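Here's the structure we're looking at; comments come further down.
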Amino acid sequence: MSRIDLDALSKRWSRQWPPPEGDPRMCFAYADRWVRFHSLPESKRYADDEAEYAVILDRHHTLLGELGPDDEEVYVVTREWSGDLAPGARRPELRDADPDAEHWGSHVHDDDFPDDIVYEHEYVSRRPRTRHALDPLLRLVADDVVSGVTIAPLDLRWIYHPYDGGGDVVAPDGATRDALRAAHQSWLSAHPLGL
């Protein structure tokens with residue numbers, strides 16, 4: 001695997017995905033391009049057996065394939081949190097699922113309590129968009145073992161944020177978002193805001 005030019009990636013990411021003003025949640029920051037899909041029928045959150053894990057992984061890969069059918073590689077961003085500005089050793093499960101990740105940066109995640117500041121440490125890797133490369137990490141997300149994962153194509157035109165229970169898409173444009181929503185209506189939430 002080739003090393004990533006982290007400075008160039010940071011500049012491109014900031015241009016493509018500038019920090020939102022106000023509420024930073026994707027559903028509000030990019031409301032015109034955002035849609036959430038649930039990963040199991042009837043919005044069930046966690047898998048009970050291998051058949052349900054297969055549904056979860058199939059839905060993730062279907063959405064990734066429809067977002068970027070020609071994308072052979074993607075960036076995978078993982079996050080860890082600690083009380084120290086300097087990142088510590090990565091959790092073994094993250095190291096195993098994304099072994100080529102490089103430390104991309106650290107920043108304050110939560111400073112609501114000055115005596116207990118939380119720092120977010122971001123790691124990035126460039127991985128093939130294959131089941132073999134992504135499924136171990138997607139399965140950890142599905143089990144809520146890890147969170148804060150983002151997948152994006154090398155040109156950063158869309159982002160995908162899997163979470164335990166589904167995946168958030170920020171599509172390149174509203175038309176792509178609408179096409180995904182129409183193609184997978186049974187995967188949508190019944191919540192009035194789509195959450």
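Just a few scattered comments:
- The GNM of the chain, with springs linking C-alpha atoms under 10 angstrom apart, assigns the highest mean-square fluctuation among Asp48, Asp98, Asp70 to Asp48.
- Principal-axis analysis of the Cα atoms of the chain puts helix 174-183 at an angle of about 50° to the longest axis.
- The chain: calculated mean residue ellipticity at 222 nm from DSSP helix runs of at least 4, using -39500 (n - 2.57): -9000 deg cm²/dmol
- Residue with peak Gaussian network fluctuation, the chain [Cα springs, cutoff 10 Å], from Arg127, Arg91, Arg45: Arg91
- Dipole magnitude (debye, nearest 20) for the chain, charges at Cβ of Lys, Arg, Asp, Glu: 620
- Between the stretch 86-110 and the stretch 36-81, the alpha-carbon center distance in angstrom: 21
- Against the rule of thumb 2.2 N^0.38 Å, how large the Cα Rg of the chain comes out: 1.01
- For the chain, a Gaussian network of Cα nodes joined below 10 Å ranks Pro19, Pro162, Pro153 by mean-square fluctuation, and the top entry is Pro19.
- With the charge dipole of the chain set up from +1 on Lys and Arg Cβ and -1 on Asp and Glu Cβ about the Cα centre, the Cα lying farthest toward the positive end among the listed residues Pro87, Trp104, Ala31 is that of Ala31.
Bear in mind these aren't lab numbers, they're just calculated from the coordinates by the rules spelled out. Note that this is a predicted model, so its numbers are computed, not measured. Reconstructed Cβ throughout: ideal geometry from the backbone, glycine too, with neighbour counts over all protein chains shown.
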